[in-house]
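The structure appears right after this line, and notes come after that.
The values are calculated or read from the model by the stated rules, or taken from the named source; none is laboratory data. Since the structure is predicted, the reported quantities are computational estimates derived from the model, not experimental observations. Don't worry about glycine lacking a Cβ; one is built from the backbone with ideal geometry, like all the others, and counts go over all protein chains shown.
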Amino acid sequence: MLPAIIIIMVVALILVGLFNSLVSSRNRVQEAWSDIEVQLKRRYDLIPNLVEAVKGYTKQESSVLENVTKARTLAMNAGTMQERLKDENMLSGALKSLFAVSESYPDLKSSQNFMQLQGDLTDTEDKIQAARRFYNGNVRDYNTRIQTFPGNVIASMFNFAKSEFFDIDEKGPEGQPVKVQF
């Protein structure tokens, strides 16, 4: 009788430990996503200033500026992870186009305000990439835990859902080098 109670208690402790580790992993994924959102917000806040700085120098490039503004709005209002990923990729491509166009305007390239904004945006893009790698590492670890035994048993009992990776589209414009033409 006593050994059976001990075995039941050990199994219960193992199950509680597994459940708690899954909760902890899920929370790390959510925290990592929050880090990405902080950097995306910073980028969203920089873009209007960058567009305004470019406007004065590139009156005939209004379509590029409109594309950046439109892509920013879509990215800010994205709902699902897939929509967010698609819209963020489109925004990255629009920003690359903007910087490619700026190469044709020596006065713009020498503007202190533009150079500061471009530096800030580059720094933010680097931070987004670092946050993306951190997030994807946490997603990988979490998904592995809920897909392997015995975590998958606990995960299915308590409806732990698989998380999606946040990757760039290598086939899209943000995965390609910028083409600068003069």
>> Taking the conditions exactly as written (modelled with pLDDT of 90 or more, farther than 29 Å from Phe134 by Cβ and in a helix (DSSP H, G or I)), does Val16 satisfy them or not?
In response: no
> Considering only region 57-68, how many residues are surrounded by 13 or more Cβ atoms within 10 Å (Cβ to Cβ) and modelled with pLDDT of 85 or more?
Replying inline: 4
> Which one of these does Arg28 not meet: (1) in contact with a helix residue (DSSP H, G or I) (Cβ under 6 Å, 6 or more places away or on another chain); (2) at pLDDT below 95; (3) under 27 Å from Phe166 (Cβ atoms); (4) of a type outside the set (A, V, I, L, M, F, W, C)?
Replying inline: (2)
> List, please: which pairs have Cβ atoms under 6 Å, are six or more places apart or on different chains, and start with a residue in region 1-30 that is more than 15 Å from Asn159 (Cα to Cα) and end with one that is part of a helix (DSSP H, G or I)?
Replying inline: Arg28/Asn138; Val29/Asn138; Val29/Val139; Val29/Tyr142
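Check every one of the helices (runs of 4 or more DSSP H) wholly within region 77-152 and list those with 3 or more residues that are within 23 Å of Ser62 (Cα to Cα) and in contact (Cβ under 8 Å) with a residue 40 or more places away in the chain.
81-102, 112-147
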> In region 70-99, what residues are among the polar types (S, T, N, Q) and within 15 Å of the chain's Cα centre (by Cα)?
Replying inline: Asn77, Thr80, Gln82, Asn89, Ser92
> Tally time: how many residues in region 153-167 are of a type in the set (Gly, Ala, Ser), farther than 17 Å from Arg84 by Cα and either in contact with a Ser or Thr (Cβ under 8 Å, 6 or more places away or on another chain) or assigned to a loop (DSSP other than H, G, I, E, B) (or both)?
Replying inline: 1
